[in-house]
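Single-structure report; data block below.
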Amino acid sequence: MKNKKPKLAVFKLSSCDGCQLSLLDAEDELLDVLGKIEIAYFPEASRRMMPGPYDIGLVEGSITNPDNVEMIREIRKQCKFLITIGACATSGGIQALKNWKDVKEFTKIVYANPQFISTLDRSLPVGSFIHVDYELRGCPINKYQLIEVINALLNNRKPNIPTNSVCSECKLRGNNCVMVSRGIACIGPVTQAGCNALCPSYNRGCFGCYGPMDSTNTSALAKQLKVLGESNFEIMSIFRSFNAYAEQFRKESEVYEK
């Protein structure tokens, strides 16, 4: 029994499956991981569903309906370590845009029989309902960061995941700042690193896929966006994207909603 591999389970709530696919996209790295763990439950990748309990649980998706609430509480009971993966699970995701609107009004417009739609008024991160052991950001997550987190758990150490801004990644790539050189709106200065400065490398502003970095100053950036000519509505919209309901982005967007 001492040589028994830890059991890994992957769960999906309200999401697009992109973060789960990042695990499968790890390819060669995944083969190394499979030598250390047993994928016991992963509907996206296998028909074999082993019952819990599980040593490690990965959860993608936000809490948007009553079924999600029941499911995540049961998942927590079944998993020794629970890791939320992606913007939906860590901050409510793009679907959290409904949090500022009347959901009942939406259902009346979209569905012929809205009385059959069961949904919560808000889309919330998993951590709003249960204890989470670790949050991995991104939309989608960085597959190498996911492998690093799993490796860290297997070796009883802290994951080595950067908490600095996307700006540091731009510097490492030798990019010219798109805000300074081209006057393009960018929230890279307040967004956690992880994407290798993908969008700024193609002369586009950062969209905040990895959510707010530690000790971020969104108000200072918003003032600079104003200097660049962005309207209050545009600044509000910039902060309301993949991580709209992350606390720092949410509060700053509400300042410019007035």
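Working carefully through the options Ser219, Ser231, find the one that is at pLDDT 95 or above, more than 30 Å from Lys7 (Cβ to Cβ), surrounded by fewer than 15 Cβ atoms within 10 Å (Cβ to Cβ) and out of contact with any Asp or Glu (no Cβ under 9 Å at 6 or more places or on another chain). Steps first, answer last, please.
Values: Ser219 fails: out of contact with any Asp or Glu (no Cβ under 9 Å at 6 or more places or on another chain).
After ruling out the rest, the residue left standing is Ser231.
Please identify the pairs in which a residue from region 66-79 that is more than 11 Å from Phe129 (Cα to Cα) and in contact (Cβ under 8 Å) with a residue 60 or more places away in the chain has its Cβ atom under 8 Å from the Cβ atom of a residue that is among the charged types (D, E, K, R) and not in a helix (DSSP H, G or I), counting only partners at least 6 apart or on another chain.
Close Cβ pairs satisfying both conditions: Cys79/Asp55.
Could you go through region 98-107 and let me know if any residue there is touching a strand residue (DSSP E or B) at 6+ places or on another chain (Cβ under 6 Å), in the same structural domain as Ser15 (by TED's automatic domain parsing) and surrounded by fewer than 15 Cβ atoms within 10 Å (Cβ to Cβ).
Of all residues in region 98-107, those touching a strand residue (DSSP E or B) at 6+ places or on another chain (Cβ under 6 Å) come to none.
So far as region 98-107 goes, no, none of its residues is touching a strand residue (DSSP E or B) at 6+ places or on another chain (Cβ under 6 Å), in the same structural domain as Ser15 (by TED's automatic domain parsing) and surrounded by fewer than 15 Cβ atoms within 10 Å (Cβ to Cβ).
Can you confirm whether Ala152 is assigned to a helix (DSSP H, G or I), of a type in the set (A, V, I, L, M), free of Cβ contacts under 8 Å to residues at least 12 places away in the same chain and under 18 Å from Ile85 (Cα atoms)?
So Ala152 fits the description; yes.
Please verify whether Arg76 is outside the structural domain of Gln192 (by TED's automatic domain parsing) and in a loop (DSSP other than H, G, I, E, B), treating the condition exactly as stated. If you could, list the steps in order and put the result at the bottom.
Numbers: outside the structural domain of Gln192 (by TED's automatic domain parsing): yes; in a loop (DSSP other than H, G, I, E, B): no.
No, not satisfied.
Hey, can you tell me all the residues within region 198-232 that are hydrophobic (A, V, I, L, M, F, W, C) and touching a strand residue (DSSP E or B) at 6+ places or on another chain (Cβ under 9 Å)? Full working, then the answer.
Step one: of region 198-232, the residues hydrophobic (A, V, I, L, M, F, W, C) are 198-199, 206-207, 209, 213, 220-222, 225, 227-228.
Across region 198-232, the qualifying residues are Cys206, Phe207, Cys209, Met213.
The values are calculated or read from the model by the stated rules, or taken from the named source; none is laboratory data. Only a predicted model underlies this, so the values are computations on that prediction, with no experimental measurement involved. Cβ atoms come from the backbone with ideal geometry, glycine included; neighbour counts cover every protein chain shown.
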